[in-house]
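The values are calculated or read from the model by the stated rules, or taken from the named source; none is laboratory data. These numbers come from a predicted model, not from an experiment. Cβ: placed from backbone, ideal geometry, glycine included. Neighbour counts: every protein chain shown.
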Amino acid sequence: MKRSQSIFVGILAGISAGLMLVAAFKAGVLAFVLFFAAPAAIYIATMGWGFVAGFVATAIGTMIAGYAGGTGAAGIGLLLLFFPAASVGHMVNLGQRADDGLGIVWFPLSDILFRLMAMLAIGFMALGAAAGYSSDSFAPSFAELMRQLASSNPEIEMPTDKELQARALVYANLIPTIVPAAWLLFHVIIAFLSAGITRRSGLLARDKEDIAATITLPVETIFVLVAGLLALLLFSGSLADIGGVLTGITVAGFGLVGLSELHQRTRPMASRGIILLVVYVSIGLFTVPLIIFTIVGIFRSIKKAASANPSSGAT
């Protein structure tokens, strides 16, 4: 009975997710909302009804996206939205009995975050390779778009072709970094909201945790960030694009860890709400403040790793 119910929920969630993704490609300004509402259905189905529901929802959502939107839509849905949502939802439900027999030890949230980062990085690189994406080839499209914007707004001074090409190349080079970073941030937000919905509905088995106090990333992630930065700065073409993806994902991941530190430290403050509002608005408007929290997140991860593995001392 339970498996039948999970399959039924998965079918409904997959249909909802697939249709929302297809609609996102045609919704104009609403596309942003629909893109990330689509995996929410799979997050909720998996967290509330288990892996079977998530697997069924992923399969059906991908088929609907492929049928209505082609292989590109199916690839985006599967690799960047549906499969990561089902996987995270499944990991959230993983746990084992504690050694003392009291309570359950749940799969660590830090490991879930790291695996989500890995899935998205692989997804972006796979889709980029399949589509033959490169910043150099994408720059002319940006230049043409900027040229059209300038021509349709006479009050804007028209830059020279050389300036236009230079600006377009900068923007094109930023895409492999900024888009994966933003994608991870929104996946985490949707996962958090979905967990809240399933918990309030009495469907989430996992105990509530102090995320701000515990979340971190493996120290080895720092080497991924360094490798990404080196590839981004020292190479061009596909290697630079891969470096951009790795840099964007790890900067966003450590940024989330750094923001958790802020949440924890501001708890006793009466002005906490204002501080958090200013920080998040600043990140949304300027992006640069996220770099500060990335550094905070790196130090926090190093500190927690050191405290979890203290030196054995003199013998």
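Report the residue count in the range 77-97 for those that are buried (at least 22 other Cβ atoms within 10 Å of the Cβ), of a type outside the set (Phe, Trp, Tyr) and under 13 Å from the mean Cα position of the chain (by Cα).
5
Look through LEU203, LEU184, LEU217 and report the one residue that is over 30 Å from ASP241 (Cα atoms) and either exposed (fewer than 14 other Cβ atoms within 10 Å of the Cβ) or in the same structural domain as THR287 (by TED's automatic domain parsing) (or both).
The conditions single out LEU203.
Tally the residues that are buried (at least 16 other Cβ atoms within 10 Å of the Cβ) and either free of Cβ contacts under 8 Å to residues at least 12 places away in the same chain or among the aliphatic types (A, V, I, L, M) (or both), restricting the search to the range 223-250. I'd like the intermediate steps shown before the answer.
Restricting attention to the range 223-250, the residues satisfying the condition of being buried (at least 16 other Cβ atoms within 10 Å of the Cβ) are 224-225, 228-229, 231-232, 238, 240-250.
Add one more test, that the residue is either free of Cβ contacts under 8 Å to residues at least 12 places away in the same chain or among the aliphatic types (A, V, I, L, M) (or both), and what stays is 224-225, 229, 231-232, 240, 242, 245-246, 249.
Going through the range 223-250 one residue at a time, the tally reaches 10.
Output the helices (runs of 4 or more DSSP H) that fall wholly within the range 1-93 and possess 2 or more residues being over 22 Å from LEU109 (Cα atoms) and of a type in the set (S, T, N, Q), or say none. Please lay out each step first, then the result.
Values: elements: 2-24, 31-49, 51-76, 83-92.
Of the helices (runs of 4 or more DSSP H) lying wholly inside the range 1-93, those with at least 2 residues that are over 22 Å from LEU109 (Cα atoms) and of a type in the set (S, T, N, Q) span 2-24, 51-76.
If I filter the range 109-125 for residues that are closer than 27 Å to LEU217 by Cβ, aromatic (Phe, Trp, Tyr) and either touching a residue at least 12 places away in the same chain (Cβ under 8 Å) or part of a helix (DSSP H, G or I) (or both), do I get at least one hit? Step through it out loud before you land on a result.
Keep residues of the range 109-125 that are closer than 27 Å to LEU217 by Cβ, which gives 109-125.
Pick out the ones that are also aromatic (Phe, Trp, Tyr) and you get 114, 124.
Next, only the ones that are either touching a residue at least 12 places away in the same chain (Cβ under 8 Å) or part of a helix (DSSP H, G or I) (or both) stay: 114, 124.
Yes, there is a match, as at least one residue in the range 109-125 is closer than 27 Å to LEU217 by Cβ, aromatic (Phe, Trp, Tyr) and either touching a residue at least 12 places away in the same chain (Cβ under 8 Å) or part of a helix (DSSP H, G or I) (or both).
If we scan the range 246-262, do we find a residue that is in a loop (DSSP other than H, G, I, E, B) and within 16 Å of the chain's Cα centre (by Cα)? Steps first, please.
From the range 246-262, those in a loop (DSSP other than H, G, I, E, B) are none; that's our starting set.
Among the residues of the range 246-262, not one is in a loop (DSSP other than H, G, I, E, B) and within 16 Å of the chain's Cα centre (by Cα), which makes the answer no.
Please state which of the following conditions LEU102 fails to meet, knowing it meets all the rest: (1) at pLDDT below 90; (2) buried (at least 18 other Cβ atoms within 10 Å of the Cβ).
(2)
Checking ILE190 against (1) farther than 17 Å from VAL251 by Cβ; (2) assigned to a helix (DSSP H, G or I); (3) at pLDDT below 90, only one condition comes out false. Which one?
Every listed condition holds for ILE190 apart from (3).
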